[in-house]
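The values are calculated or read from the model by the stated rules, or taken from the named source; none is laboratory data. Bear in mind the structure is a predicted one, so any value in this text is a computation, not a measurement. Virtual Cβ from ideal backbone geometry, glycine too; neighbours counted across all protein chains shown. With ligands, DNA and RNA removed, areas are computed over all heavy atoms of the protein, side chains included. Shrake-Rupley method; radii C 1.70, N 1.55, O 1.52, S 1.80 Å.
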2 protein chains.
Amino acid sequence: MPKLWNETIEAHRDAVRAATLDAAAELVAEHGPAGVTMSQIAKATGIGRATLYKYFPDIDTILTAWHERQVRSHLEELARVRDRAESSERLEAVLTAYAVLSFQHPRSDLAGSLHRADHVSQARQHLHGFIRDLLVEAAAAGDLRTDVPAAELATYCLHALTAANTLRSKAAVRRLVAVTLSGLRR
Amino acid sequence: MPKLWNETIEAHRDAVRAATLDAAAELVAEHGPAGVTMSQIAKATGIGRATLYKYFPDIDTILTAWHERQVRSHLEELARVRDRAESSERLEAVLTAYAVLSFQHPRSDLAGSLHRADHVSQARQHLHGFIRDLLVEAAAAGDLRTDVPAAELATYCLHALTAANTLRSKAAVRRLVAVTLSGLRR
DNA sequence: CGGGTAATAAGACACTCTGTATCGCAAAAA
DNA sequence: TTTTTGCGATACAGAGTGTCTTATTACCCG
């Protein structure tokens, strides 16, 4: 995409990387994860195919990088929601925000199509830790059940709330959050 | 696999189809969904590559068929569990069985790697309907919350319980079922 | 302003996989 | 036996891959 170098070389390379991930995401949305080729990505990014190989060695790496970027940006959004909410409403606010994100970005999972992704993406582990810490905090306030480790409750939350991407209305998403929350209470 | 024809021609073709799905599943477990080729599947099945094309037009169809078979077999198992359990314990028994299946077969989802799969597999819709009917029955007994449609509760259950495939002990699976169940009650 | 540096586009190349067609072979059926 | 029918093997063109080479262009420094 960028024809002229921005400021430094590294900034230019970052811009190319970002443009590549954008192009790849669009192609995946159009043809599915399996129907995307390096040639298509290079053309859509506006760079040569050989140049693309100097940035990413294969499609799997590109999709993994895109997935990581997506999860990381969601994580930052959730951190903002957490810091903005009162302590007593923090958990509900964050879980609602996560469900809404899943609802609006049904493509963010990619789940099975990545084989090399260490079987659990780095960013997803951060996400899990983030929710777990939130649950520990809520447990200290005495609102949560204590017969299940916080880590397992976090896993439960993340899976239950991804159901949001199959729902059709925001009202349904809110109901899903309510149901999930009531599973956490004693 | 079978070199001589079994009974009828159709039985022979069924045997070849089944052997193909078995071989494909094994290759997927080994190389991931993206790393499997028609050539490999043909060789692993023990048939010629051209012959494989007379059974399945492409890899996507093979993986979809395998996924459907897997879900269907799980569905039959769940139906047996349902019919064996007392009415009062049916829901818990079936959800536990589903969680244990997810726990033992982490590969059954395939989630993102299928593009053509009507975006929701046929068998998975049956599974959703199966759970939904079970929830309607339990609601009639008065144990369930009534502020959320049964279909949404079924979606919630299926997603929450797939978390079982990331857990490490059966005890954790039982805790997950307990948490999920308490989300269903009022 | 001109030379050196670095990233690139374009093309070539060998390789693999794909999807299809053809040709005999062997086993079941008439 | 003769006729079907499924099959393995092979060939073929098209597409994608991963690597390499060459010429071009933009930037930086003296």
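Over all residues in A:170-180, what is the mean tally of Cβ atoms on other chains that come within 10 Å of each residue's Cβ?
Across A:170-180, the average partner-chain Cβ count within 10 Å equals 4.
Roughly how much accessible area, to the nearest 100 Å², goes out of reach of solvent when A and B pair up, both sides summed, probe 1.4 Å?
Roughly 2400 Å².
Can you tell me the 0 to 90 degree angle between the C-alpha axis of helix B:122-140 and the longest principal axis of chain B, rounded to 10?
Approximately 20 degrees, to the nearest 10.
Pick from B:Lys54, B:Lys43, B:Lys170 the residue whose mean-square fluctuation is largest in a GNM of chain B, springs joining Cα atoms under 10 Å.
Highest fluctuation among the options: B:Lys54.
Report the local net charge at A:Thr155: Lys and Arg +1, Asp and Glu -1, summed over other residues whose C-beta lies under 12 Å from its C-beta.
So the surrounding residues net to +3.
Note the full-extension length gain between B:Ser87 and B:Lys43 as 0.36 nm times their separation in residues minus their Cα-Cα distance, in nm to one decimal.
Taking 0.36 nm per residue and subtracting the Cα distance, the gain is 11.0 nm.
Springs between alpha-carbon atoms under 10 Å, Gaussian network over chain A: tell me which of A:Arg69, A:Arg82, A:Arg13 tops the mean-square fluctuations.
A:Arg13
Take peptide B:60-66, look around each residue's Cβ out to 10 angstrom, count Cβ atoms belonging to other protein chains, and average those counts.
1
Per residue of segment A:12-19, in order, report the coupling 6.51 cos²θ - 1.76 cosθ + 1.60 (Karplus, θ = phi - 60°) as ³J(HN,Hα) in whole Hz, putting x for Gly and Pro.
4, 4, 4, 5, 5, 4, 5, 4
Compare B:Ala25, B:Ala50, B:Ala160 in a GNM of chain B, Cα atoms joined below 10 Å, and give the one with the largest fluctuation.
The residue that fluctuates most here is B:Ala50.
In whole percent, how big is the carbon plus sulfur part of the accessible area of segment B:66-184, probe 1.4 Å, protein atoms only?
49 percent
Could you order B:Val136, A:Val100, B:Val173 by accessible surface area, starting with the largest, using a probe radius of 1.4 Å?
B:Val136, A:Val100, B:Val173
Quick one: Cα centre-to-centre distance for segment A:127-186 and segment B:22-55, in angstrom?
Here the answer is 40 Å between Cα centres.
7 Å from Cα along Cα→Cβ at both A:Ile9 and B:Arg17: what's the point-to-point distance in nm?
5.9 nm
Relative to the other copies, what are the label-point distances for B:Gln104, with labels 7 Å from Cα along the C-beta vector, expressed in nm at one decimal and sorted shortest first?
B:Gln104 label point versus its equivalents elsewhere: 4.2 nm.
In sequence order, what are the phi-derived ³J(HN,Hα) couplings for segment B:76-82 according to the Karplus relation 6.51 cos²θ - 1.76 cosθ + 1.60 with θ = phi - 60°, rounded to whole Hz, with x for glycine and proline?
After applying 6.51 cos²θ - 1.76 cosθ + 1.60, I find 5, 4, 5, 5, 4, 4, 4 Hz.
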